[in-house]
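S.K.: This is the structure I have questions about; it appears just below.
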Amino acid sequence: MSTDDAEQTQTFADLGLRDELLSALTTLGYEEPTPIQSESIPHLIAGRDLLGQAATGTGKTAAFALPILDRLQPGKRGEEPSALILVPTRELAMQVSEAVHKYGKDLGARVVPIYGGQPISRQLQALRRGVDVVIATPGRAVDHIKRGTLPLDFIEIVVLDEADEMLDMGFAEDLDAILEATPESRQTVLFSATMPSKIEKLARRHLTDPINIRIAREIAEPGSAPKVRQSAYVVPRSHKPAALGRILDVESPAAAIVFCRTRHEVDQLSETLNGRGYRAEALHGGMSQEARDRVMGRVRAGTAELLIATDVAARGLDIDQLTHVVNYDVPSAPEAYVHRIGRVGRAGREGVAITLAEPREHRLVENIQRVTGQKIAFEKVPTIADLRNRRMELTLATLRESLIDDDLDRYRTIVETLTDEFDLVEIALAAVKLAHEAVGGDEDETEIPEIAPRKQSGNYEDRGKPGKSFKDGKPSKDGKGGKFGKEGKGPKGDKGERLSKGDAVRLYFPIGRSAHVRPGDLVGAIAGETSLSGKDIGAIEITENFSLVEVPGKSVEEVIGAMKRTTIKGLKITPRRERF
Ligand code: AMP
């Protein structure tokens, strides 16, 4: 083992956060701040406005949530909110509100999400009971402001999260109106995955002398990462343990390290993988030095094949026989990725780096590719058929080995006795079946939904340029055509007219004006649950009782599958292809 003392780590305590927040972070198993957190939190605590470029998965939610909570007065607080967080979709509103609630538990933080699709009365009650932090989608925030039910006089900080998505969804005017309604003295924070000029303009209108933070730009020299086969799999969160199990079954690593974000994830995943028949060992900062040494001993002796670890615990570990590095989550910054995968492929040996990305995290993978200048191939999670083939191959190899190496003569009488009754091939088949079952057989597996990675733009910044790929209708770089969509109104009747590339499919949603559905509800539900962003969604037509939404042909199954997991306006809606 060698130690990397050169790495200087900052702790959450170094960032100046209150004890109640530090204890919440320890309980959650966060071991150290991510780069966006280290860079933003001290400025935000100091009250500065901030313009940050960061995508989902970088830890940006905690980067703004912790400073918001840090300023909450101890003891009894007023009824009106002091912080407003604006997010593009209902799903994100729920996610952010859960995160703020978790971090602010020991402070008694009162958090209310408000979004379209939930009865307004429930939100009114929650607002009336007193609230510290409101997380809202812009449309619903405007509704409440108009009704006079979202008091903004005491707002000290406003956060625009995923601002590019909000603009893409046509919320520009709503954002302006909401910000105008808050006190001028407020602190304003804007996070966006991309920085097109419309975001810069929005920032110029509403931010005062902001700190600019751009995470992970020029860190690694292109080509400086080791030569390693790198692949990524897009998998919904709930299927990640099963997907990883399958990928490992097919890859058969001699020794692998699997990186997780938190201690809890490390513990849970080691349990799952042990249940799957792997010898997996957990390693994290919550373990004593002795326990960690024991684990490392087992890994080095080859009695454990998988080491499941947090970055902090694995820092400085050098394991010679490592063949695979697995990122169970996309690392929060490209440096972390480069650092992790640098553990394999050393000294001319072959190495494999595998990354699991949730649908919303595909951008982080693209960003890593751009910064490192290395290709990460998006692969499909092995299907049940792939697994079966692989297991058959293993059985074949095991039998071949046995035929070459073993003394099989003592079984001859069994075969000879059976030949009186059965054909020789049938006897062999029965023996193969037993051998196959002995090495695992074909266990029951459920199919994991296939999620196509979003088109690799190769030009990360282009997404944000308004209407670019829609208006000119030029084919994308891969020659297969990029955006699509017939001429017509985009979400919220925005000005971006979209030209068809022929591969758009109209989905029929059995919900319409009679249920008060708006384009933003449909876009929000789709963008929130699938790998599509607002811009990938084409024309939307809403009639009294149903709506038609254009989505890319290749994403039809993904959208239909995703809608089964969510609701629109509180209703379970199953879309289908439009019938003519
Ligand atoms: P976000 O980019 O805010 O969507 O966060 C991505 C994920 O990282 C969430 O699941 C967070 O719970 C997790 N996370 C955020 N900060 C940290 C940290 N410092 N250590 C470990 N996990 C974190």
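The values are calculated or read from the model by the stated rules, or taken from the named source; none is laboratory data. In this text the structure is predicted, and so the values were computed from the model without any measurement. All Cβ positions, even for glycine, are placed from backbone atoms using ideal geometry, and neighbour counts span all protein chains on display. Keep in mind that these areas ignore ligands, DNA and RNA; they rest on the heavy atoms of the full protein, side chains included. Shrake-Rupley method; radii C 1.70, N 1.55, O 1.52, S 1.80 Å.
S.K.: Among the listed residues Val258, Val325, Val312, which satisfies the condition of being open to solvent by less than 60 Å² (accessible area, probe 1.4 Å), more than 21 Å from Ser231 (Cα to Cα) and assigned by TED's automatic domain parsing to the domain that holds Glu366?
M.R.: Going through Val258, Val325, Val312 in turn, the sole match is Val312.
S.K.: Give Ile526, Ile560 a once-over and let me know the one that is free of Cβ contacts under 8 Å to residues at least 40 places away in the same chain and either within 14 Å of Thr89 (Cβ to Cβ) or assigned to a helix (DSSP H, G or I) (or both).
M.R.: Step by step, each of Ile526, Ile560 is checked, and only Ile526 is free of Cβ contacts under 8 Å to residues at least 40 places away in the same chain and either within 14 Å of Thr89 (Cβ to Cβ) or assigned to a helix (DSSP H, G or I) (or both).
S.K.: Hey, Gln369 hits all of (1) open to solvent by less than 50 Å² (accessible area, probe 1.4 Å); (2) at pLDDT below 85 but one; which does it fall short on?
M.R.: The failed condition is (2).
S.K.: Here's another thing I want to ask about it. Out of Leu17, Leu72, report the one residue that is surrounded by fewer than 23 Cβ atoms within 10 Å (Cβ to Cβ) and at negative phi.
M.R.: Leu72
S.K.: Tell me the residue from Leu399, Leu394 that is touching a helix residue (DSSP H, G or I) at 6+ places or on another chain (Cβ under 7 Å), outside the structural domain of Asp311 (by TED's automatic domain parsing) and open to solvent by 10 Å² or more (accessible area, probe 1.4 Å), please.
M.R.: Among Leu399, Leu394, only Leu399 is touching a helix residue (DSSP H, G or I) at 6+ places or on another chain (Cβ under 7 Å), outside the structural domain of Asp311 (by TED's automatic domain parsing) and open to solvent by 10 Å² or more (accessible area, probe 1.4 Å).
S.K.: Can you list the strands (runs of 3 or more DSSP E) lying wholly within segment 79-188 that have 3 or more residues being outside the structural domain of Ala62 (by TED's automatic domain parsing) and touching a Phe, Trp or Tyr at 6+ places or on another chain (Cβ under 9 Å)?
M.R.: Where strands (runs of 3 or more DSSP E) fall fully within segment 79-188, none carries at least 3 residues being outside the structural domain of Ala62 (by TED's automatic domain parsing) and touching a Phe, Trp or Tyr at 6+ places or on another chain (Cβ under 9 Å).
S.K.: For a quick check of your reading of the model, give me the residue pairs whose first member lies in segment 24-35 and is on the phi > 0 side of the Ramachandran plot, whose second is more than 7 Å from the ligand (Cβ to nearest atom) and among the basic types (Lys, Arg), with beta-carbon atoms closer than 7 Å and at least 6 apart or on different chains.
M.R.: Listed pairs, sorted by first residue: Gly29/Arg263.
S.K.: Which condition number does Ile199 fail, the rest of (1) at pLDDT 90 or above; (2) open to solvent by 10 Å² or more (accessible area, probe 1.4 Å) being met?
M.R.: All conditions pass for Ile199, except number (2).
S.K.: Please determine whether any residue of segment 25-37 is part of a helix (DSSP H, G or I), within 12 Å of the ligand (Cβ to nearest atom), surrounded by 15 or more Cβ atoms within 10 Å (Cβ to Cβ) and among the charged types (D, E, K, R).
M.R.: No, every residue in segment 25-37 fails to be part of a helix (DSSP H, G or I), within 12 Å of the ligand (Cβ to nearest atom), surrounded by 15 or more Cβ atoms within 10 Å (Cβ to Cβ) and among the charged types (D, E, K, R).
S.K.: Checking Leu50 against (1) open to solvent by 40 Å² or more (accessible area, probe 1.4 Å); (2) in contact (Cβ under 8 Å) with a residue 60 or more places away in the chain: exactly one of these is not met. Which one?
M.R.: Of everything listed in (1) open to solvent by 40 Å² or more (accessible area, probe 1.4 Å); (2) in contact (Cβ under 8 Å) with a residue 60 or more places away in the chain, Leu50 misses just condition (1).
S.K.: Thr272 - would you say it is surrounded by fewer than 22 Cβ atoms within 10 Å (Cβ to Cβ) and farther than 22 Å from Glu379 by Cβ?
M.R.: No, not satisfied.
S.K.: From the set of residues in segment 332-367 that are over 13 Å from Thr56 (Cβ atoms) and in contact with a Lys or Arg (Cβ under 6 Å, 6 or more places away or on another chain), which is farthest from the ligand (Cβ to nearest atom)?
M.R.: Restricting to residues being over 13 Å from Thr56 (Cβ atoms) and in contact with a Lys or Arg (Cβ under 6 Å, 6 or more places away or on another chain), the top hit is Gly345.
S.K.: Does any residue in segment 282-298 that is closer than 20 Å to Gly29 by Cβ come within less than 6 Å, Cβ to Cβ, of a residue that is open to solvent by 20 Å² or more (accessible area, probe 1.4 Å) and in a loop (DSSP other than H, G, I, E, B) six or more places away or on a different chain, and which pairs are these?
M.R.: Cβ pairs passing all conditions: Gly285/Glu31.
Condition check ((1) at pLDDT 95 or above; (2) basic (Lys, Arg); (3) within 16 Å of Ala141 (Cβ to Cβ)) across all residues:
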position: Glu31; (1), (2), (3): no, no, no
position: Ala46; (1), (2), (3): yes, no, no
position: Leu69; (1), (2), (3): yes, no, no
position: Leu72; (1), (2), (3): no, no, no
position: Pro88; (1), (2), (3): no, no, yes
position: Gln118; (1), (2), (3): no, no, yes
position: Ser121; (1), (2), (3): no, no, no
position: Gln125; (1), (2), (3): no, no, no
position: Arg128; (1), (2), (3): no, yes, no
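Residue-by-condition table, conditions (1) closer than 30 Å to Lys572 by Cβ; (2) open to solvent by less than 30 Å² (accessible area, probe 1.4 Å):
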{"site": "Glu98", "(1), (2)": "yes, no"}
{"site": "Tyr103", "(1), (2)": "no, yes"}
{"site": "Ser121", "(1), (2)": "yes, no"}
{"site": "Val131", "(1), (2)": "yes, yes"}
{"site": "Gly139", "(1), (2)": "yes, yes"}
{"site": "Thr149", "(1), (2)": "yes, no"}
{"site": "Met166", "(1), (2)": "yes, yes"}
{"site": "Ser185", "(1), (2)": "no, no"}
{"site": "Thr194", "(1), (2)": "no, yes"}
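S.K.: Being within 13 Å of the ligand (Cβ to nearest atom), open to solvent by 10 Å² or more (accessible area, probe 1.4 Å), part of a loop (DSSP other than H, G, I, E, B) and not aromatic (Phe, Trp, Tyr): is that true of Thr56 here?
M.R.: yes
S.K.: So which residues in segment 297-309 are open to solvent by less than 10 Å² (accessible area, probe 1.4 Å), farther than 20 Å from Glu350 by Cβ and away from the ligand (no atom under 16 Å from the Cβ)?
M.R.: Passing the criteria: only Ala304.
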